[in-house]
Amino acid sequence: MKISKDNKFMLFADVMLVLIIIVSITIVSLFFRARTAIYNDISYNMSKEWRTADGAEYALNELPKGDVVITHTLEGMNLNRMRFCCESTDTHFTVKFDGEVTYSYYTDQAAILGRSYGKYVHMIPIPPDSKTVTLELHPIYDGEAALIKQASVEDAGVFMADIYHDGLPKFAVCVLLTLFGALMIITGFTDKVTGESMINPFSLGAFAVFVGIWSANDTMILQVYTQHPEIVSFTRYLCLMFVVYLPVSFMASSTNHRDTILLPILLSLTLLNFLITMLLSALRISDMHLMLPFSHVNIVIALFMTIYLMVKAIRAKTIDKTFRQTVVVAMTFASLGVASDLLHYILTSGTLNDTSLFTRVGVFIFVALLGVYMIRKRTQLALKKERAQVIEKLAYTDSLTGLANRTAFHEKEDEIRQKNLGCIVIQLDINFLKNVNDVYGHSEGDRHIVGAAHIIRDSFADIGTAYRTGGDEFIVIVQNSSSNVVEKSLKKIEEGAKKYNAENDPPVPLQIAYGYAQCNRQNDVLEAAERLADQRMYEKKREMKSHAK
């Protein structure tokens with residue numbers, strides 16, 4: 001398949017944008033890690049050398065499944081103003097210093113939230129002269145190992161600084177995704193241009209919002225800020241449950257397959273997963289964490305549906321080349337990110353510190369590429385719409401006076417007939433225009449016409465529309481108004497003509513003859529009203545000419 005020069009350039013631009021995003025995220029991450037290293041002046045790593053009562057030694061990332069009691073020595077450590085700091089995941093535990101209970105963390109939350117509280121951080125004061133620290137660990141879920149990470153003895157401020165410095169780059173990406181999604185949703189409601197675009201702003205926007213909120217869980221920022229890790233965890237599971245529908249909906253609409261059977265099937269699976277999970281949680285039979293495999297199955301189904309729709313559109317050639325190239329690149333990064341995190345989660349039983357790293361980056365690249373495409377497309381559509389408006393204006397506007405022309409008037413006539421509308425028809429004509437053209441030239445005649453047109457337009461601006469239907473002929477259509485109001489506008493015309501003559505001193509004074517007639521809501525009376533108005537206008541013309549003599 002041959003690619004045009006323009007498409008090659010756009011493809012190159014997309015690849016460069018991807019590289020810039022990856023390099024920027026890497027640089028920011030390294031910067032924050034470097035800052036963290038500077039702050040870690042005094043820190044004792046407590047991730048290894050934990051012992052059980054029978055002398056077995058464990059690292060915290062290698063604990064056996066089930067309940068476990070482990071102890072670590074504190075001898076040789078400077079404990080002044082230090083705290084035992086750690087991060088726990090779905091683990092209840094008690095901390096003892098020299099055998100004395102100092103801290104316990106046990107959650108008792110609403111049944112609908114499930115048993116999982118997700119991730120949380122702990123900074124536990126250490127009594128002076130403590131020799132040992134003991135952890136009594138109880139995993140929330142049977143058959144799983146306790147999850148305690150980032151354990152250390154250090155200053156609480158340094159520990160929190162490390163969390164923020166490590167989490168802020170990730171959190172910034174999540175915020176950008178969420179803000180982009182919100183902007184897309186708002187755009188979908190407010191922008192008239194999007195109806196012509198290939199991009200579905202609602203699905204794309206909601207997808208970005210859900211992924212941003214879901215991925216923010218791994219940054220620990222929300223847990224620390226809200227002090228309610230169980231709410232953060234519950235929200236994350238909800239986002240993961242419903243996000244599967246959105247990329248398929250986006251791809252279906254973007255490839256002109258909105259009527260595909262895949263959408264109701266996936267929506268049914270998503271709602272079924274949600275309803276069953278909520279019911280089992282309320283009955284304390286299961287919860288969102290235990291039902292997570294069903295969400296993973298839906299994710300896999302959604303991935304295959306998305307790929308299927310894309311391949312089908314490419315074969316059917318229902319989308320343009322530029323959009324196809326952009327979506328292929330974007331979907332590749334998003335799909336690889338989701339698949340990588342899902343595979344890592346399954347293989348490591350969810351023990352990774354960051355289970356959404358590749359999804360976060362992949363989806364960020366996805367929305368960035370499509371966002372750039374959408375901006376280009378919307379700019380093209382806006383220019384196209386503006387050109388169409390200019391062409392339409394030229395087609396319906398008199399070039400000399402700026403009033404609506406005869407074509408516009410005939411369309412108004414058709415509207416009045418079809419809708420059986422009532423109106424008042426005013427016929428107007430410029431007196432002595434032929435004499436002006438013959439004696440003083442057509443340029444002076446044009447000034448006469450333009451002056452009259454502006455007077456007519458301004459006099460009826462609040463109640464009707466003025467049309468120039470001939471050289472010196474004008475018609476005004478007034479709707480939803482009375483004869484008394486029309487009479488006042490006609491007086492404005494006479495006053496306007498007098499003012500024009502006084503200010504411009506034309507060689508032949510401007511006179512505008514007029515006549516009007518009522519058109520009632522009956523068939524075939526518009527022509528009669530026009531004829532009557534024309535007759536009255538000529539009567540007025542003769543009257544004005546006689547007075548002029």
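Coordinate-derived values only; no laboratory data. Note that the coordinates shown come from a computational prediction; the quantities given were computed from them, not determined experimentally. Please note: Cβ atoms are built from the backbone with ideal geometry, for glycine as well, and neighbour counts cover all protein chains shown.
Annotations for the structure displayed:
- Sorted ascending by nearby beta carbons within 10 Å, beginning with the fewest, Leu421, Leu135, Leu262 become Leu421, Leu262, Leu135.
- Each of Gln227 and Ser546 was given a label point 7 Å from its Cα along the Cα-to-Cβ line. The distance between the two points is 9.5 nm.
- With R₀ set to 56 Å, the beta-carbon distance separating Ser399 from Ile314 gives a calculated FRET efficiency near 0.70.
- Across region 383-394, rounded Karplus estimates of 3J(HN,Hα) from the backbone phi angles (6.51 cos²θ - 1.76 cosθ + 1.60, θ = phi - 60°) give 5, 4, 5, 5, 5, 5, 5, 5, 4, 5, 5, 5 Hz, Gly and Pro being marked x.
- Computed Rg/Rh of region 420-488, alpha carbon atoms with Kirkwood Rh: 1.06
- Amide H contacts under 5 Å for Leu74, placed H, 5+ residues apart: Thr132, Val133
- DSSP-assigned coil residues among GluC sites (Glu not before Pro) in region 55-99, each with at most 16 further Cβ atoms within 10 Å: Glu75
- Computed magnitude of the charge dipole of region 43-154 (debye, nearest 20; Cβ of K, R +1, Cβ of D, E -1): 300
- The residues Phe180, Phe460, Phe84, when put in order of fewest to most other Cβ atoms within 10 Å, stand as Phe180, Phe460, Phe84.
- Across Lys419/Lys540; Lys412/Lys545; Lys377/Lys412; Lys321/Lys393; Lys499/Lys540, pairs whose alpha-carbon gap is larger than 25 Å: Lys419/Lys540; Lys412/Lys545; Lys377/Lys412; Lys321/Lys393
- Placing a label point 7 Å from the Cα of Tyr44 along the Cα-to-Cβ direction, the residues of region 91-130 whose backbone N falls under 13 Å of that point are 97-98, 126-130.
- 3J(HN,Hα) couplings calculated from phi for region 116-129 with the Karplus curve 6.51 cos²θ - 1.76 cosθ + 1.60 (θ = phi - 60°) are, in sequence order, 6, 9, x, 10, 7, 10, 9, 10, 9, x, 9, x, x, 6 Hz; Gly and Pro show x.
- A straight Cα-to-Cα reach below 16 Å connects Lys170 with the aspartates and glutamates Asp162, Asp218, Asp341, Asp354, residues fewer than 8 places away in its own chain not being considered.
- In straight-distance terms, cross-link reach from Lys65 covers every one of the lysines whose alpha-carbon lies under 18 Å from its own, apart from those fewer than eight places away in the same chain; here that gives Lys48, Lys149.
- Summed over all non-identical Cα pairs, the Kirkwood treatment of region 495-537 gives a radius of 12.4 Å.
- The C-alpha atoms of the chain define a longest principal axis, and helix 406-419 lies at about 80 degrees to it.
- Seen from a random direction on average, the alpha-carbon convex hull of region 406-548 projects onto 8.3 square nanometres.
- Ranking Gly515, Ala151, Ile456 by Cα position along the charge dipole of the chain, where only Lys, Arg, Asp and Glu carry charges on their C-beta atoms, puts Gly515 farthest toward the positive end.
- Between Ala339 and Lys499, the simple spin-label model (points 7 angstrom out along Cα→Cβ) gives 7.4 nm.
- Counting Cα-Cα pairs of the chain in 20 Å increments starting at 0 gives whole-percent bin shares of 17, 31, 21, 18, 11, 3, 0.
- For region 438-475 and region 143-175, distance of Cα centres in Å: 77
- Helix 442-459 and the longest principal axis of the C-alpha atoms of the chain enclose an angle of approximately 60°.
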